[in-house]
Amino acid sequence: MFQQKATSQSPSGARVRLKQLVEQRNALLVPGAANALNARIIEDLGFEAAYLTGAGLANTHLGMPDLGLVSVTELAETASRITDVCSLPLIVDIDTGFGNSLNVHRTVKLLERSGAAALQLEDQIFPKKCGHFSGKGVVPLPEMIGKIHAALDARQDENLLLIARTDARAVEGFERALERAHAMTEAGADIIFVEAPESVEELRAIGQLPAPQLANLVIGGRTPLLTIDELRDLGFAVALYANAALQATIRAVQDVLGHLKKQGSLSGAEEKLASFSERQRVVAKEAFDALEARYTGS
């Protein structure tokens, strides 16, 4: 049964735990969650961390593409909802930091208060695009370094990890992306994320960089879909499946509701649905019943 937040891991404890897991460089498997329900399921399945995906948030909450349309307050509110019910370390995608270095400074403070264990900051120009879209652009490297310094200065807990992402592979080429990765490491980023490498050879080169590395596996994207064992052998610290749950949800909803539209009922599709009791278990109904009984004396 799910525990309530009051008895689960604190944000500071979650940050320490994530830092320990990253230091192992053991290709920590991290699925993405766009909402609190997905985060509960991720924890229930036994994963050790979750990722609040900016693309998933835009797609799920706004019904819009990943084009920099989510606001910082919407992101912080969603992070708070997740950390209220999920004790796993939460990595939060803060895109470009919502502006310049001053905006980054404020964004980090907001998300740290929301319980984030790590923040991912990228070097795209604003408005950003999904890392596997075409037509991206990156800011000058000194601007990104300034944002990294602002993020590090803003954090109150030194165990709050900063993931620095570069999208330069698709804009300036692989060698320039590696140069940016080295510069971001020197600036103090805790983890480096070179987005959308296009071959196993590029992944191998990224895995040899000095800082812990994150690999983003996107179904239908540009990066080869290596196994966890293969990524571990290459030296990656984190293997991210940011939107696997989102893509699965879209397909499942289309399938079940398509059946309903065609047949006029869900007869014959029951096995595709979680049971009523499973639905209540996933949202910890029993724990809330116990709380209600405690406070009402029933």
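Just so it is clear, none of the values below were taken in a lab; they were calculated from the coordinates. Values in this document were obtained by computation on a predicted structure and should not be read as measured data. Here the Cβ is made from the backbone with ideal geometry for all residues, glycine too, and neighbour counts use every protein chain on show.
Select one label from [x] 15.1; [y] 19.0; [z] 17.1: the one whose number is mean projected area of the Cα convex hull in nm² as derived from the coordinates shown.
Label of the calculated value: [z].
Can you give the FRET efficiency for Ala269 and Glu292, using 1/(1 + (r/R0)^6), R0 = 45 Å, r = Cβ-Cβ distance, to the nearest 0.05?
It comes to 0.85.
Tally Lys/Arg at +1 and Asp/Glu at -1 over every other residue whose Cβ is under 14 Å from the Cβ of Glu278; what's the total?
Working: positive: Arg40, Lys272, Arg279, Arg281, Lys285; negative: Asp44, Glu270, Glu271, Glu286.
Surrounding charge for Glu278 is +1.
Order the peptides 109-119, 271-281, 191-201, 48-58 from the highest to the lowest mean number of other Cβ atoms within 10 Å of their residues. If you can, show how the numbers build up before the last one.
On the way: 109-119: 22.8, 271-281: 10.5, 191-201: 19.5, 48-58: 24.4.
Descending packing order for the listed peptides: 48-58, 109-119, 191-201, 271-281.
Defining a contact as two alpha carbons under 8 Å apart and six or more residues distant in sequence, what relative contact order in percent does the chain show?
21
Please compute the modelled spin-label separation between Glu198 and Leu260, points set 7 Å along Cα→Cβ, answer in nm with one decimal.
Rounded to a tenth, the inter-label distance reads 4.3 nm.
Antiparallel DSSP bridges in the range 5-250: what percent, to the nearest 5? Intermediate values should be presented prior to the final figure.
Values: 1 of 26 bridges.
Around 5 percent antiparallel, to the nearest 5.
Where q = 0.10, 0.11, 0.18 Å⁻¹, what log10 of I(q)/I(0) comes from the Debye formula for the range 1-99, counting one point per Cα?
-0.27, -0.33, -0.84
Using Cα positions and a limit of under 16 Å, work out the aspartates and glutamates in reach of Lys261, with same-chain residues fewer than 8 apart set aside.
Glu270
Return a single number: how many Lys pairs in the range 5-250, at a sequence separation of 8 or more or on separate chains, have alpha-carbon atoms below 20 angstrom apart.
Numbers: Lys19/Lys109; Lys109/Lys147; Lys128/Lys136; Lys128/Lys147; Lys129/Lys147; Lys136/Lys147.
Eligible lysine pairs with Cα atoms under 20 Å apart amount to 6.
With runs of 4+ DSSP H residues as the only contributors, calculate the mean residue ellipticity of the chain at 222 nm using -39,500 (n - 2.57) per run, divided by the residue total and rounded to the nearest 500.
Numbers: 13 runs with 139 residues, N = 298.
Helices in the chain give a 222 nm mean residue ellipticity of -14000 deg cm²/dmol.
Give the peptides 14-23, 257-266 in descending order of average Cβ contacts within 10 Å, highest first. Could you put the intermediate results ahead of the total?
Working: 14-23: 19.2, 257-266: 10.9.
The peptides rank, most packed first, as 14-23, 257-266.
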